[in-house]
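> Structure incoming, see below.
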Number of protein chains: 2
Amino acid sequence: MSGFVRRIPDGDNRERLICADCGYIAYDNPKVVVGSVVTSDGAILMCRRAIEPRLGFWTLPAGYLEHGETLEEGAAREAWEEAQADIVLDGILGVFSISRIGQMQVIFRGRFAADGAPRFAAGPESLEVALFPWQQIPREEIAFPSVHWALDAWHKAGPGPLGAPAGNPGSDPRGTLRPAAHGAA
Amino acid sequence: MSGFVRRIPDGDNRERLICADCGYIAYDNPKVVVGSVVTSDGAILMCRRAIEPRLGFWTLPAGYLEHGETLEEGAAREAWEEAQADIVLDGILGVFSISRIGQMQVIFRGRFAADGAPRFAAGPESLEVALFPWQQIPREEIAFPSVHWALDAWHKAGPGPLGAPAGNPGSDPRGTLRPAAHGAA
């Protein structure tokens, strides 16, 4: 993008990346991550990442919302892509800001759509997928701080109807800490 | 952007706009709108738009989240920019999907930060700013469907602690209807 320059567009109040030739403004918009805490008999569906960043670490099924999707559709698609799980959502557990990287997250609570034994498998972006009872979650091998936040929001919510969603924890109100700064909860 | 072509990048599963020269992938990410329903003595702060789209129509103080902001910071900034109002937020009223235009919204409940008579004024993107008692909201001159959704979420929430946020209404679960399709509530 060598033809891009930084200046404040007309009517704006901050610098943007603008093509010096055609005037195209490349807004650096924050990204939306949608995901879910999906459980079966109290055990939580988690995926071990097959891709960078944090390859080999455990995460929840989550990823970038796509243009044309609703938040719920995006979360269900990610559960399918990463864990081959067909899920149903029942509400929002958490709404988080990761301002360090220009990201926000909407994490839903979900369950497997079909009755009976839960069906799941590793999608192309996962090395393995597993159901972890709360006490057996691999807290030392979690990919991102916000995975802890979502897990804690699920635990705090309990089994009943969902109330106000969790936000960032007091220890990281703006979402600025790096994954390496977080160990076990 | 004549040098861009549509193809599926390696490791992806849908077409993206890719620069034929350098391989830069121009992801068409959904955008995040943050806003607030700010009240004083039960009257709601609204702004009449000085810009397109929907110039001259009434909206809530809201706009695009910027990179590096938290959701709360973005909502407070928009209240300042559009209504010159210094506000405090107390929770999330609604989380909406506007899939037609690749947008999602987080709308907070807020109040004026200072005690006493509320201070506000039209910012550069507003023709005028006013406090409307519930019954006097100009429902026939509302800029966007989601403004109705947020207003209704505020009214339904009542004055107490906030519970689960509202989502899209049953009449537009995916956020696909155009503003012109909505008249008075």
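The values are calculated or read from the model by the stated rules, or taken from the named source; none is laboratory data. The structure presented is a predicted model; accordingly, all values stated were derived computationally and were not measured. Because the Cβ atoms are built from the backbone with ideal geometry, glycine has one as well, and the counts that use them run over all protein chains shown. These accessible areas exclude ligands, DNA and RNA; they are computed on the full protein's heavy atoms, side chains included. Shrake-Rupley method; radii C 1.70, N 1.55, O 1.52, S 1.80 Å.
> Listed residues A:Leu60, A:Leu55; which is open to solvent by 40 Å² or more (accessible area, probe 1.4 Å), within 26 Å of A:Arg174 (Cα to Cα) and not β-branched (Val, Ile, Thr)? Can you show your working first?
Working: A:Leu60 fails: open to solvent by 40 Å² or more (accessible area, probe 1.4 Å).
Every option except A:Leu55 fails the conditions.
> Here's a follow-up. Could you say whether any residue in region A:19-29 is open to solvent by 30 Å² or more (accessible area, probe 1.4 Å), more than 14 Å from chain B (Cβ to nearest Cβ), touching a Leu at 6+ places or on another chain (Cβ under 9 Å) and assigned to a strand (DSSP E or B)?
No.
> Of the residues B:Ser97, B:Ser40, which is more than 29 Å from B:Arg178 (Cβ to Cβ), in contact with a strand residue (DSSP E or B) (Cβ under 7 Å, 6 or more places away or on another chain), open to solvent by less than 40 Å² (accessible area, probe 1.4 Å) and in contact (Cβ under 8 Å) with a residue 60 or more places away in the chain? First the steps, then the outcome.
Working: B:Ser97 fails: more than 29 Å from B:Arg178 (Cβ to Cβ).
Going through B:Ser97, B:Ser40 in turn, just one is more than 29 Å from B:Arg178 (Cβ to Cβ), in contact with a strand residue (DSSP E or B) (Cβ under 7 Å, 6 or more places away or on another chain), open to solvent by less than 40 Å² (accessible area, probe 1.4 Å) and in contact (Cβ under 8 Å) with a residue 60 or more places away in the chain: B:Ser40.
> Continuing with this model, one more query. Out of A:Glu72, A:Glu81, A:Glu15, A:Glu66, I need the residue that is farther than 20 Å from A:Ala122 by Cβ, at pLDDT 95 or above and open to solvent by 40 Å² or more (accessible area, probe 1.4 Å). Which one? Let's see the steps before the verdict.
Numbers: A:Glu81 fails: farther than 20 Å from A:Ala122 by Cβ; A:Glu15 fails: at pLDDT 95 or above; A:Glu66 fails: open to solvent by 40 Å² or more (accessible area, probe 1.4 Å).
Only one candidate qualifies: A:Glu72.
> Exactly one condition in (1) within 10 Å of chain B (Cβ to nearest Cβ); (2) in a loop (DSSP other than H, G, I, E, B) is not met by A:Val32; state its number.
(2)
> Same structure, new question: What number of residues in region A:1-12 are within 11 Å of chain B (Cβ to nearest Cβ) and closer than 27 Å to B:Gly123 by Cβ? Before you say what the answer is, go through the steps one by one.
Kept after step one, since they are within 11 Å of chain B (Cβ to nearest Cβ), are these residues of region A:1-12: A:1-4, A:11-12.
Narrowing further to those that are closer than 27 Å to B:Gly123 by Cβ: A:11-12.
Selection size over region A:1-12: 2.
> Here's a follow-up. I need the full set of residues from region A:50-76 which are more than 27 Å from A:Glu140 (Cα to Cα) and of a type outside the set (A, V, I, L, M, F, W, C), in order please.
Here is the first cut: in region A:50-76, the ones more than 27 Å from A:Glu140 (Cα to Cα) are A:65-74.
Of everything in region A:50-76, those that are more than 27 Å from A:Glu140 (Cα to Cα) and of a type outside the set (A, V, I, L, M, F, W, C) turn out to be A:Glu66, A:His67, A:Gly68, A:Glu69, A:Thr70, A:Glu72, A:Glu73, A:Gly74.
> Right, something else. Any residue that is within 14 Å of chain A (Cβ to nearest Cβ), open to solvent by 60 Å² or more (accessible area, probe 1.4 Å) and under 18 Å from the mean Cα position of the chain (by Cα) - is there at least one of those in region B:135-150?
no
> More than 13 Å from every other protein chain (Cβ to nearest Cβ), in contact with a helix residue (DSSP H, G or I) (Cβ under 9 Å, 6 or more places away or on another chain) and within 13 Å of B:Leu60 (Cα to Cα): does that describe B:Ile107? Steps first, answer last, please.
Values: more than 13 Å from every other protein chain (Cβ to nearest Cβ): no; in contact with a helix residue (DSSP H, G or I) (Cβ under 9 Å, 6 or more places away or on another chain): yes; within 13 Å of B:Leu60 (Cα to Cα): yes.
Here the answer is no, as B:Ile107 does not meet what is asked.
> Further, regarding this structure: Search region A:84-94 for residues being open to solvent by less than 40 Å² (accessible area, probe 1.4 Å) and of a type outside the set (Gly, Ala, Ser), and hand back the single one that is nearest to the other protein chains (Cβ to nearest Cβ).
Going residue by residue through region A:84-94, those that are open to solvent by less than 40 Å² (accessible area, probe 1.4 Å) are A:85, A:87, A:91-94.
Adding the requirement that they be of a type outside the set (Gly, Ala, Ser) leaves A:87, A:92-93.
Numbers: A:Ile87: 17, A:Ile92: 6, A:Leu93: 10 Å.
This residue is A:Ile92.
> Now a separate question. Could you tell me which of the residues B:Gly123, B:Gly175 is within 14 Å of another protein chain (Cβ to nearest Cβ), open to solvent by less than 20 Å² (accessible area, probe 1.4 Å) and at pLDDT below 95? It would help to see each step written out before you state the result.
Details: B:Gly175 fails: at pLDDT below 95.
After ruling out the rest, the residue left standing is B:Gly123.
> Also, quick follow-up: Is at least one residue of region A:12-25 over 18 Å from A:Gly110 (Cα atoms) and either of a type in the set (Gly, Ala, Ser) or under 22 Å from the mean Cα position of the chain (by Cα) (or both)?
The answer is yes, given that some residue of region A:12-25 is over 18 Å from A:Gly110 (Cα atoms) and either of a type in the set (Gly, Ala, Ser) or under 22 Å from the mean Cα position of the chain (by Cα) (or both).
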